[in-house]
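Throughout, read-outs are computed from the coordinates displayed, never taken from laboratory work. Please read these numbers as outputs of a predicted model, since none were measured by experiment. When we count neighbours, we look across all protein chains shown, and the Cβ atoms used for this are built from the backbone with ideal geometry, even at glycine.
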Amino acid sequence: MSAFGTHVTTEDVSMQINVSGHHVEVTESMRDYVISKLERLSNHHDRITNTHVILSVDKLEQKAEATLHVSGKDIFADATDPDLYTAIDSLADKLDRQLIKHKEKMRSHR
């Protein structure tokens, strides 16, 4: 299992992203791709403190899963696809939708 940790800072938002692999070697390009996809999440929610991403391979299935730590909640999503980069895209889309939903809930409770 290999792991990379990166601290991403965009404008006034700071987010720790950890990328690790299970039965797959996480290359620099994979790590950069994950970071580029997850950076857009900070546009929806500025209180993402930590993100842990696990990339894994099981026979012909490529899986990407992530846990986001935001104020008041942990958000989990996973995606599988024959292509790992497509799984990462799907994962980012799922997390994006969940973050928007969480933010709307937080607004309606105020």
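Helix 28-39 and the longest principal axis of the C-alpha atoms of the chain enclose an angle of approximately 20°.
Backbone amide hydrogens, once placed in the peptide plane, bring ASN50 within less than 5 Å of GLN16, HIS69, excluding anything fewer than 5 places away on its chain.
Rounding to the nearest 20 debye, state how big the charge dipole of the chain is about its Cα centre with +1 on each Lys and Arg Cβ and -1 on each Asp and Glu Cβ. Numbers along the way, then the final one.
Details: 14 positive and 18 negative charges, 134 e Å.
Rounded to the nearest 20 debye, it is 640 debye.
Per-residue Karplus couplings for the range 83-88, computed as 6.51 cos²θ - 1.76 cosθ + 1.60 with θ equal to phi - 60°, are listed in order as 9, 5, 5, 5, 4, 5 Hz, Gly and Pro entered as x. The relative contact order of the chain, computed from alpha carbon pairs under 8 Å that lie at least 6 residues apart in sequence, is 20 percent. With the helix formula -39500 (n - 2.57) applied to DSSP H stretches of n ≥ 4, the chain reaches a computed 222 nm mean residue ellipticity of -11500 deg cm²/dmol.
Given N residues in the range 19-81, what is Rg(Cα) / (2.2 N^0.38 Å)? Mind dumping the intermediate values first?
Working: Rg = 12.4 Å, N = 63, 2.2 N^0.38 = 10.6 Å.
Relative to the 2.2 N^0.38 Å estimate, the range 19-81 comes out at 1.17.
A simple count of charges around LEU38, restricted to other residues whose Cβ falls under 12 Å of its Cβ and scoring Lys, Arg +1 and Asp, Glu -1, yields -1.
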